[in-house]
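Some notes on the structure that comes next.
Just so it is clear, none of the values below were taken in a lab; they were calculated from the coordinates. Computed from a predicted model, the values in this text were never measured in an experiment. Note: ideal-geometry Cβ built from the backbone for every residue, glycine included; neighbour counts use all protein chains shown.
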Amino acid sequence: LYVMKNVYVGFFASTRRYKNADVIEAWELEIGPHRYSYQELKKATKGFKDKELLGQGGFGSVYKGKLPNSNTQVAVKRISHDSKQGLREFVSEITSIGRLRHRNMVQLLGWCRRCGDLLLVYGFMANGSLDKYLFDEPKIILSWEQRFKVVKDVASTLLYMHEGYEQVVIHRDVKASNVLLDGELNVRLGDFGLARLYEHGANPSTTRVVGTLGYLEPEVPRTGKATSISRD
């Protein structure tokens, strides 16, 4: 009985350690930038405290953080367990933005996956998202010159995604809240959780309609196809 008890306790302890470990799967070795440990990001965001919360949406929450070893300011996107996209969104964001390089795209620094926790780490954008400067009586009114620069920079990013990369990358959710601004109000397109990649010249397969109401082109719900012409 004593032996059986110790075997049971040992098995339980090892199982618990396994569950809390940062298990690496095969697909993770083929993609993206640096992988962070859960403890690093927990410490960086002070335990994901509410006072570090930058924003919240259907995908989950974004927290401001400072990496303990480098003091680099970051934004940590914690995908909600209730997110409809979940692991698919997580992998999509890594495989798309993780390989793209453009001055007007938000920089993906790395990721973390531990059991049900899915986290993405980005460079910190000091001025938040563009929608804060367009709606709800903003504190700062952007000049027409600044607004034109935003439009030009977003267009430059989409041109690169559609024609300048080895594959066609369709964002599928371009809107003001996904356009981020750094400390000098330079544009960074972000949130690639709904992005899809396909080969140049290929006909994108029919998929379910995704995106944000009010930003969808009228032909997308009818055809179910998002392309570089219609979607972005």
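Determine the shape class of the range 88-173: with a ≥ b ≥ c the square roots of the Cα gyration tensor eigenvalues, call it rounded for a/c under 1.5, and otherwise prolate if a/b is greater than b/c, oblate otherwise.
Numbers: a/c = 2.55, a/b = 1.38, b/c = 1.85.
In terms of gyration-tensor shape, oblate.
Most exposed first by the Cβ proxy, i.e. fewest other Cβ within 10 Å, how do H200, H102 rank?
Result, fewest neighbours first: H200, H102.
R0 = 41 Å: FRET efficiency of L134 with L87, Cβ-based, nearest 0.05? Please list the in-between numbers first.
Values: r = 33 Å, r/R0 = 0.80.
Once rounded, the FRET efficiency stands at 0.80.
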Legend entry - Above-threshold pairs, the threshold being 26 Å between Cα atoms, out of K49/K149; K152/K175; K77/K175; K43/K132: K49/K149; K43/K132
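If we count other beta carbons within 10 Å of each Cβ, what is the order of I97, I140, fewest first? Walk me through the numbers before you get to the answer.
Details: I97 27, I140 10.
Lowest count first: I140, I97.
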Legend entry - Gain in span if fully extended, K152 to D182, counting 0.36 nm per residue against the direct Cα distance: 9.2 nm
Inset, instruction - Fewest Cβ neighbours within 10 Å first, please rank Y63, Y198 accordingly. - result: Y198, Y63
Inset, instruction - Subtract the Cα-Cα distance of L142 and Q39 from 0.36 nm times their separation in residues, and report this length gain in nm to one decimal. - result: 33.2 nm
Inset, instruction - For E199 and T72, compute 0.36 nm times the residue count separating them, minus their Cα-Cα distance, and round to one decimal in nm. - result: 42.1 nm
